[in-house]
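See below for the structure under consideration.
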Amino acid sequence: MPPLRLSRDRQIDVCAQCHGGAGEPIAPAFAFRPGETLSEYVKLEEPNAKDRLDVHGNQVTLLERSRCFQSSPEMTCSTCHDVHAPERAAADYSTRCIECHRADQCGMVRKLGTQMASNCIDCHMPVQPSNLLVLTLTILD
């Protein structure tokens, strides 16, 4: 079954394979198939509700903690991300925000006017550096 036809939980499981945080394998790598329950293949760490998650460490939990996800029973990762296309500039996601949210209800509309609707991300999902992805460079002579 194509992943977009799966239930919300099974769609999230597909993404959580890579974007669900660190985990302990239960089954052989690459045994999981879309539509199955990921928890039967890997035990993902459940972060404490008060933990500050790294932006690149567990995107699934960050999504699940969001008000948008909690108030929208149909929302999944693919609601905002086209998983088959390269990522765009962060501000480009604002068009997805406006599909569900009214720009005139943003607290910044008085200060910035309607132009703020073209960049919801700077306030609500700012680009952040990762503390988990580190590159060490060794220069050889």
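Close amide H pairs (under 5 Å, H built 1.01 Å from N) link MET125 with no residue at least 5 positions away or on another chain. From most to least packed by mean Cβ count within 10 Å, the peptides 14-20, 83-89 give 14-20, 83-89. Its relative contact order, with pairs defined as Cα atoms under 8 Å and 6+ residues apart, puts the chain at 21 percent. In this Cβ point-charge picture (+1 for Lys and Arg, -1 for Asp and Glu), the stretch 1-138 has a dipole of about 420 debye about its Cα centre.
When you work out D = kT/(6 pi eta Rh) for the chain at 25 °C and 0.890 mPa s, using the Kirkwood radius from C-alpha pairs as Rh and the Stokes-Einstein form, the result is 141 µm²/s. I want to verify the translational diffusion coefficient of the stretch 9-74 in µm²/s; compute it with Stokes-Einstein, Rh as the Kirkwood radius over Cα pairs, at 20 °C and 1.002 mPa s. Approximately 170 µm²/s, per Stokes-Einstein. Taking the centroid of alpha carbons for each part, the stretch 21-35 and the stretch 68-90 are 22 Å apart. Spin-label model, ASP104/SER7: points 7 Å from Cα along the beta carbon direction are separated by 4.0 nm. The apolar share of the surface of the stretch 1-97, taken as the fraction of accessible area on carbon and sulfur atoms (1.4 Å probe, ligands and nucleic acids excluded), comes to 55 percent.
The values are calculated or read from the model by the stated rules, or taken from the named source; none is laboratory data. In this text the structure is predicted, and so the values were computed from the model without any measurement. All Cβ positions, even for glycine, are placed from backbone atoms using ideal geometry, and neighbour counts span all protein chains on display. The protein model used for the area step is the full one, side chains on, heavy atoms only, and it has no ligands, DNA or RNA in it. Shrake-Rupley method; radii C 1.70, N 1.55, O 1.52, S 1.80 Å.
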